[in-house]
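Please read the structure below before turning to the comments.
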Amino acid sequence: MKIPFTISGTDHVHFIVGNAKQAGHYYQTQFGFEPVAYRGLETGEREFVSYVLQQDKIRLVLTTPLSADSKLNEHLRLHGDGVRDMAFWVDDARAAWEFTTGNGAVSVQEPATLSDENGRVVTAAVQTYGDTIHTFVERNEYSGIFLPGYEMYKSTLKAKSTGLKYIDHFVGNQPENKMQEVAEWYEKVFGFTRFWTVDDKDISTEFTALRSIVMVNDNMRIKMPINRPAAGLRKSQIQEFVEFYNGPGVQHIAMTTDDIIETVRQLRANGVEFLPTPRTYYDVLEERVGKIDEDIDTLAELGILVDRDEFGYMLQIFTKPVEDRPTLFYEIIQRKGAESFGKGNFKALFESIEREQARRGNL
Ligand code: FE2
């Protein structure tokens, strides 16, 4: 399929949250993001307030409705704090919108040009699973901090980077029986292809299981596993997500670092909570993945997981959910050649998740 536009990566992740000011403080002090831009009453915006936070190439936008009439309240009511928009950075937003809507995507916003003294930006948006959307952002002719309508924001608190660099992948959880449909939708609408698949034999524990299909765009800047629950003795973590999120949505976002040991040390010192890994995981680690550069005792102390595929190895760790509902969480990942997503860790990881689910009364 000839794709008439290029996606160069994730432009930003847009969240609807209950209190953007306080959520921003959390991402700043725990994850090391720097608040860079703002929009709200002081800039003439009456309906909502947004804070933009940045760390290297990762941009988070946190939005809270300001009035009872705002449509954004429904997103909050249904999903709690959550991801509304995985925005794609494109070279031609109009072409992206025409191509995807021409292939059956539902339009959320027709192409529109926004300008200010820093240049012009073209945006457009389409609906994907649940209430999630993809905005196309074309910003080749823009030198401002984020988008027209936003002002520079300076916090009196200095953010200290934790070494997070860019978004490696993000995962969409689907209800029972919707995974194939969503994967096919990305094939048909975006021209994405299937990169790697797992079935429930690959990723099951004694109690629960999931299935996953990984969709990628042509240059692999967008990598997107699509999960669904699979039958097990107990409730799948995917089902728990779908129940608390009230439908499909973004389950986790993986952010890269060049030094996972240093990054995780800092995140832990900042108070980020990670899923615990049992000590026994490390007893057989070298047998499973072979020689690695990192000291195994250090990895064990920090709870970092390792997996290998035919191209190399990777290190990863998962946070606990960062919202009160057991929904969104983050993955920190360092790739040393490996191109896959840590299949070898799924069993250890899921057992850890199940212990947390059991504590929540949701297993
Ligand atoms: Fe992941």
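Sort 109-116, 284-291, 311-318 for me by packing, meaning the mean count of neighbouring Cβ atoms within 10 Å per residue, highest on top. It would help to have the intermediate numbers written out before the result.
Working: 109-116: 13.6, 284-291: 11.5, 311-318: 20.9.
Output ranking for 109-116, 284-291, 311-318: 311-318, 109-116, 284-291.
Which of the residue pairs 2/57; 178/320; 21/154 have a Cα-Cα distance greater than 20 Å in the structure shown?
Working: 2/57 28 Å; 178/320 25 Å; 21/154 13 Å.
Checking Cα-Cα distances, 2/57; 178/320 exceed 20 Å.
Output the peptides 352-362, 222-232, 44-54 sorted from most to least packed, where packing is the average of other Cβ atoms within 10 Å over each peptide's residues.
222-232, 44-54, 352-362
Percent of accessible area on the range 101-171 owned by carbon and sulfur, 1.4 Å probe? Show your work: numbers first, answer last.
Working: 1710 of 3450 Å².
Exposed carbon and sulfur together represent 50 percent of the surface.
Excluding residue 127 itself, calculate the net charge of residues whose Cβ lies under 12 Å from the Cβ of residue 127, where each Lys or Arg counts +1 and each Asp or Glu counts -1. It would help to have the intermediate numbers written out before the result.
Numbers: positive: 84; negative: 85, 131.
Here the count lands on -1.
If you roll a 1.4 Å probe over the heavy atoms of the protein chains, what accessible area per residue do you get for the chain, in Å²? Write out the running numbers ahead of the final one.
Details: 15750 Å² over 363 residues.
Per-residue value: 43 Å².
Could you work out the relative contact order of the chain? I mean the mean sequence separation of Cα pairs under 8 Å and 6+ apart, divided by the number of residues, in percent. Don't skip to the answer; put the middle values down first.
Values: 819 pairs, mean separation 55.3, N = 363.
RCO, the chain: 15 percent.
Taking the C-alpha atoms of the range 7-152, how large are the radius of gyration and the largest Cα-Cα span, Dmax, in Å?
Every Cα atom of the range 7-152 included, Rg and Dmax give 14.9, 43 Å.
How much of the calculated P(r) for the range 164-360 lies past 26 Å, in percent of all Cα pairs?
Details: 5796 of 19306 pairs.
Pairs farther apart than 26 Å: 30 percent.
With the contact rule set at Cα under 8 Å and sequence spacing of 6 or more, what percent relative contact order holds for the range 210-363?
Working: 212 pairs, mean separation 37.4, N = 154.
Here the relative contact order equals 24 percent.
Sort the following peptides by mean Cβ neighbour count (other Cβ atoms within 10 Å, averaged over residues), highest first: 236-243, 319-326. Before the final figure, lay out the partial values.
On the way: 236-243: 23.5, 319-326: 17.2.
Ranked by mean Cβ neighbours within 10 Å, highest first: 236-243, 319-326.
Please tell me which of these pairs span more than 25 angstrom C-alpha to C-alpha: 160/291; 165/223; 223/347?
On the way: 160/291 33 Å; 165/223 16 Å; 223/347 22 Å.
Table pairs above 25 Å Cα-Cα are 160/291.
What is the Cα centroid distance between the range 1-16 and the range 281-351, reported in whole angstrom?
Here the answer is 27 Å between Cα centres.
What's the percent breakdown of Cα-Cα distances in the chain across 20 Å bins, shortest bin first?
29, 60, 11, 0
By how many nm would the segment from residue 311 to residue 56 lengthen if fully extended, with 0.36 nm per residue of separation less the alpha-carbon distance?
Details: separation 255, 0.36 × 255 = 91.80 nm, distance 2.62 nm.
The span from residue 311 to residue 56 would gain 89.2 nm if fully extended.
At q = 0.15 Å⁻¹, what log₁₀ I(q)/I(0) does the range 24-110 have when each alpha carbon counts as one equal point scatterer in the Debye sum?
Log-scaled intensity ratios, in q order: -0.78.
The values are calculated or read from the model by the stated rules, or taken from the named source; none is laboratory data. Source: prediction; values computed, not measured. Here the Cβ is made from the backbone with ideal geometry for all residues, glycine too, and neighbour counts use every protein chain on show. Side chains are part of the model used for accessible areas, which takes the heavy atoms of the whole protein and leaves out ligands, DNA and RNA. Shrake-Rupley method; radii C 1.70, N 1.55, O 1.52, S 1.80 Å.
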